[in-house]
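Data first, discussion second: the structure below is written as structure tokens.
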Amino acid sequence: MTGPPLPPATSATSATSATPAVPSPSATPQPDAAADPLLTARRVPARHPGQWVSAAVLLVLAAMLVHTLLTNSRFQWGVVGRYFLSASVLHGLELTLWLTAAVMVCGYVLGVGIAAMRLSANPVLRGLSFGYVWLIRSVPPLVQLLFWYELASLYPELSLGVPFGREFVTVRTAHLFSGVLAAFVGLTLDVAAFSAEIIRGGILSVDPGQSEAAQALGLGRVRVFRRIVLPQAMPAIIPASGNMLIGMLKATSIVSVIAVQDLLYSVQLIYNQNYLIMPLLLVATIWYVVLTTLLSIGQYYTERYYARGNDGGRAGRRGFWRTVRGNAPLFGQVRTDLAGLS
Amino acid sequence: MTATDRPLVRIRGLSKSFGTHQVLHGVDLDVREGEVTVLLGPSGSGKSTLLRCVNHLESPDAGYVEVDGRIIGHRPRGGRLHALRPRALTRQRAGIGMVFQQFNLFPHLTVLDNITEAPVAVRGLPRRQAADRARELLDRVGLAGRQDSYPRQLSGGQRQRVAIARALAMEPRLMLFDEPTSALDPELVGEVLAVMKDLAADGMTMLVVTHEIGFAREAADTVVFLDAGRVVESGPPAHVLTTPRHDRARAFLSAVL
């Protein structure tokens with residue numbers, strides 16, 4: 001009854017109306033608490049017993065997990081602590097870090113080129129780009145890694161020269177591809193194919209009116225891409241790229257099959273000697289968790305930077321600690337979810 | 001307003017098809033320096049395509065657009081029209097301002113950066129000087145002090161006025177308006193039209209696609225009526241708007257008035 005004034009005919013017939021019998025059309029009905037107790041009634045939010053029960057069950061399970069991690073002596077946390085900062089583990093960590101960085105940087109540089117080819121007007125470039133992405137995405141990274149490592153069995157020698165003509169330089173492939181180089185090449189080509197698709201999707205998500213407006217102002221093609229299109233494509237590119245970076249950090253561990261001593265392979269070398277398999281795997285795992293957490297924090301700030309102008313857009317509104325909690329493994333999400341329960 | 005012998009814009013025999021659909025059929029049109037020409041016509045009549053051919057956002061299939069004595073997008077040599085390299089096309093576009101229906105402001109840049117981007121990048125203006133000029137232009141379109149806002153914080157009418165200031169920052173000889181008020185709430189249309197009338201009074205050469213008959217009546221020197229890709233009526237607004245000869249123009253005007 002607090003809505004706009006009703007026409008006299010309707011309000012006269014309305015039994016609960018607190019308005020005078022013959023109201024003037026402009027008079028607003030005065031709310032009368034005594035006459036209408038609903039106006040002062042306490043509001044009770046909806047109950048969600050199912051959510052409480054499921055939360056309780058999950059919390060008990062989580063507590064059991066923590067309990068067993070702490071009390072099961074066969075995890076041998078002492079051993080974990082002893083090897084956590086040992087020289088060979090740190091060496092492996094170093095290789096994992098720079099291999100990931102090099103693969104991601106080179107892969108993305110290549111990926112931008114492949115995405116540009118795919119979006120070009122030249123049908124040959126478009127076709128080549130499509131074929132590359134199709135082929136690389138179809139081949140398991142492990143197979144690719146072994147392919148480059150065993151390239152010598154297919155091509156014992158590689159030469160630089162005129163196509164189908166004279167050769168100037170010739171190298172023996174067996175000496176060319178060490179394990180690390182094979183890993184770098186194989187993973188870079190893999191990242192290039194996937195990142196090309198991520199970048200292409202990001203660019204296509206930008207309204208074509210943006211580059212039209214920029215062209216109409218007389219901006220050159222490179223400037224339009226760098227200043228107008230790419231920054232607007234970034235919000236679509238970054239989350240997927242963050243995923244890929246974190247995935248690649250762990251995917252570098254497949255280099256252990258070609259005896260490259262990364263983080264995982266270095267702990268494998270140790271437990272092959274002392275058979276403390278679980279504690280040493282935990283050493284590697286904890287390092288991966290730490291690195292992933294750091295990368296998530298970096299991703300948060302990058303997303304926030306590119307969300308500017310979005311007026312408290314999705315990424316901008318999420319608080320820092322919320323993102324960290326959301327990305328911190330296992331326990332992080334629980335507190336945020338509990339806050340949502342009532 | 002000086003009317004020179006040679007019009008600033010000369011459009012001759014302009015034709016354009018999208019797939020099998022021919023949008024423009026040999027359009028001829030002149031715009032004299034300092035004059036305002038309003039293009040009227042039902043949707044799909046080719047008004048926007050015609051406008052977009054003027055700064056070569058669309059490439060015509062036949063005919064040509066000449067602005068200030070230069071063929072847009074092409075260089076005539078040996079009886080042929082050679083397509084311009086991107087850099088030369090960029091130079092031509094820099095002298096023609098364009099305002100879009102959807103504003104197309106750059107959402108990740110502040111109002112100031114939206115306006116200074118092209119003068120700094122294309123004209124090589126020092127940043128400080130470009131910023132001073134941008135503030136003058138904002139003042140002119142009635143948005144003094146809003147230089148640090150992002151486009152999303154502005155109303156539609158304010159965004160369109162920023163877009164006009166952005167185009168003016170390149171000191172164009174010709175301004176193109178592609179339905180500048182069609183995406184606006186009715187109560188915001190007036191503020192954009194006021195800025196456009198102000199520009200027209202200052203002697204800016206303007207080619208305007210709009211459905212605002214009132215603007216055409218007040219500010220236009222010439223009204224051109226397009227139907228199905230052909231100019232069916234053209235002349236001073238008093239003439240075309242009150243006593244149209246062509247049936248199609250008469251039907252359109254009686255529907256929108």
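The values are calculated or read from the model by the stated rules, or taken from the named source; none is laboratory data. As the structure is a computational prediction, the values presented were derived from the model and not from experiment. Methodologically, a virtual Cβ is constructed for each residue, glycine included, from the backbone with ideal geometry; neighbour enumeration extends over all protein chains shown.
If I filter region B:111-119 for residues that are within 13 Å of chain A (Cβ to nearest Cβ), out of contact with any Ser or Thr (no Cβ under 8 Å at 6 or more places or on another chain) and among the hydroxyl-bearing types (Ser, Thr, Tyr), do I get at least one hit?
yes
Output the residues belonging to region A:59-89 that are among the hydrophobic types (A, V, I, L, M, F, W, C) and not in a helix (DSSP H, G or I).
A:Leu85 - this is the single residue of region A:59-89 that is among the hydrophobic types (A, V, I, L, M, F, W, C) and not in a helix (DSSP H, G or I).
Pick out the one residue from B:Arg152, B:Arg166, B:Arg128, B:Arg133 that is at pLDDT below 95, assigned to a helix (DSSP H, G or I) and either closer than 19 Å to B:Gly97 by Cα or out of contact with any helix residue (DSSP H, G or I) (no Cβ under 8 Å at 6 or more places or on another chain) (or both).
Being at pLDDT below 95, assigned to a helix (DSSP H, G or I) and either closer than 19 Å to B:Gly97 by Cα or out of contact with any helix residue (DSSP H, G or I) (no Cβ under 8 Å at 6 or more places or on another chain) (or both) holds for just one of B:Arg152, B:Arg166, B:Arg128, B:Arg133, which is B:Arg152.
Sort out which residues of region B:207-257 are at pLDDT 90 or above, part of a loop (DSSP other than H, G, I, E, B) and in contact with a strand residue (DSSP E or B) (Cβ under 7 Å, 6 or more places away or on another chain), and write them in order of number.
Passing the criteria: B:Thr210, B:Ala220, B:Asp221, B:Gly229, B:Pro236.
Checking the condition within 11 Å of another protein chain (Cβ to nearest Cβ) and surrounded by 19 or more Cβ atoms within 10 Å (Cβ to Cβ), which residue from B:Ala163, B:Ala134, B:Ala130 passes?
When all the criteria are applied, what remains is B:Ala163.
Pairs, please: C-beta under 6 Å, at least 6 apart or cross-chain, first residue within 10 Å of chain B (Cβ to nearest Cβ) and farther than 12 Å from A:Val206 by Cα and in region A:217-234, second crowded, with 18+ Cβ neighbours inside 10 Å and basic (Lys, Arg)?
The qualifying pairs are A:Gly218/B:Arg93.
Find the helices (runs of 4 or more DSSP H) located wholly in region A:156-234 whose residues include 2 or more that are modelled with pLDDT of 90 or more, and list them.
A:179-204, A:208-216
Could you say whether any residue in region A:249-258 is within 14 Å of another protein chain (Cβ to nearest Cβ) and not hydroxyl-bearing (Ser, Thr, Tyr)?
Checked region A:249-258: no residue is within 14 Å of another protein chain (Cβ to nearest Cβ) and not hydroxyl-bearing (Ser, Thr, Tyr).
Filter region B:169-189 for residues that are in contact (Cβ under 8 Å) with a residue 12 or more places away in the chain and part of a helix (DSSP H, G or I); which is surrounded by the fewest Cβ atoms within 10 Å (Cβ to Cβ)?
Once the filter is applied, the top-ranked residue is B:Leu188.
Looking only at region A:85-111, count every residue that is hydrophobic (A, V, I, L, M, F, W, C), surrounded by fewer than 17 Cβ atoms within 10 Å (Cβ to Cβ) and closer than 16 Å to A:Gln268 by Cα and tell me the total.
The total comes to 3.
Would you check if B:Ala144 is closer than 30 Å to B:Ala131 by Cα, among the aliphatic types (A, V, I, L, M) and modelled with pLDDT under 95?
For B:Ala144, the condition - closer than 30 Å to B:Ala131 by Cα, among the aliphatic types (A, V, I, L, M) and modelled with pLDDT under 95 - is met.
Looking only at region B:49-58, decide whether some residue is more than 14 Å from chain A (Cβ to nearest Cβ) and among the charged types (D, E, K, R).
no
Here is a list: A:Gly131, A:Gly92, A:Gly50. Which entry is assigned to a helix (DSSP H, G or I), of a type in the set (Gly, Ala, Ser), out of contact with any helix residue (DSSP H, G or I) (no Cβ under 8 Å at 6 or more places or on another chain) and farther than 30 Å from A:Val222 by Cα?
Result: A:Gly50 is the single residue among A:Gly131, A:Gly92, A:Gly50 that is assigned to a helix (DSSP H, G or I), of a type in the set (Gly, Ala, Ser), out of contact with any helix residue (DSSP H, G or I) (no Cβ under 8 Å at 6 or more places or on another chain) and farther than 30 Å from A:Val222 by Cα.
Can we say B:Gly145 is crowded, with 19+ Cβ neighbours inside 10 Å and more than 25 Å from B:Val67 (Cα to Cα)?
no
What are the pairs with Cβ atoms under 6 angstrom where one residue, in region B:143-157, is within 7 Å of chain A (Cβ to nearest Cβ) and the other, located anywhere, is part of a loop (DSSP other than H, G, I, E, B) and among the small types (Gly, Ala, Ser)? Sequence gap at least six, or different chains.
B:Tyr150/A:Gly309
Within region B:64-110, take every residue that is within 21 Å of the chain's Cα centre (by Cα) and among the β-branched types (Val, Ile, Thr) and give me the one that is surrounded by the fewest Cβ atoms within 10 Å (Cβ to Cβ).
B:Ile71
Would a scan of region B:114-123 turn up a residue that is under 23 Å from A:Gly220 (Cα atoms), of a type in the set (Gly, Ala, Ser) and touching a residue at least 40 places away in the same chain (Cβ under 8 Å)?
The answer is yes; a qualifying residue exists.
Could you tell me which of the residues A:Ser120, A:Ser153 is farther than 28 Å from A:Thr170 by Cα, out of contact with any strand residue (DSSP E or B) (no Cβ under 8 Å at 6 or more places or on another chain), among the small types (Gly, Ala, Ser) and surrounded by fewer than 18 Cβ atoms within 10 Å (Cβ to Cβ)?
So the residue among A:Ser120, A:Ser153 that is farther than 28 Å from A:Thr170 by Cα, out of contact with any strand residue (DSSP E or B) (no Cβ under 8 Å at 6 or more places or on another chain), among the small types (Gly, Ala, Ser) and surrounded by fewer than 18 Cβ atoms within 10 Å (Cβ to Cβ) is A:Ser120.
May I ask you to say which residue of B:Val27, B:Val36, B:Val23, B:Val65 is of a type in the set (A, V, I, L, M, F, W, C), touching a Lys or Arg at 6+ places or on another chain (Cβ under 8 Å) and farther than 22 Å from A:Gly209 by Cβ?
Among B:Val27, B:Val36, B:Val23, B:Val65, only B:Val27 is of a type in the set (A, V, I, L, M, F, W, C), touching a Lys or Arg at 6+ places or on another chain (Cβ under 8 Å) and farther than 22 Å from A:Gly209 by Cβ.
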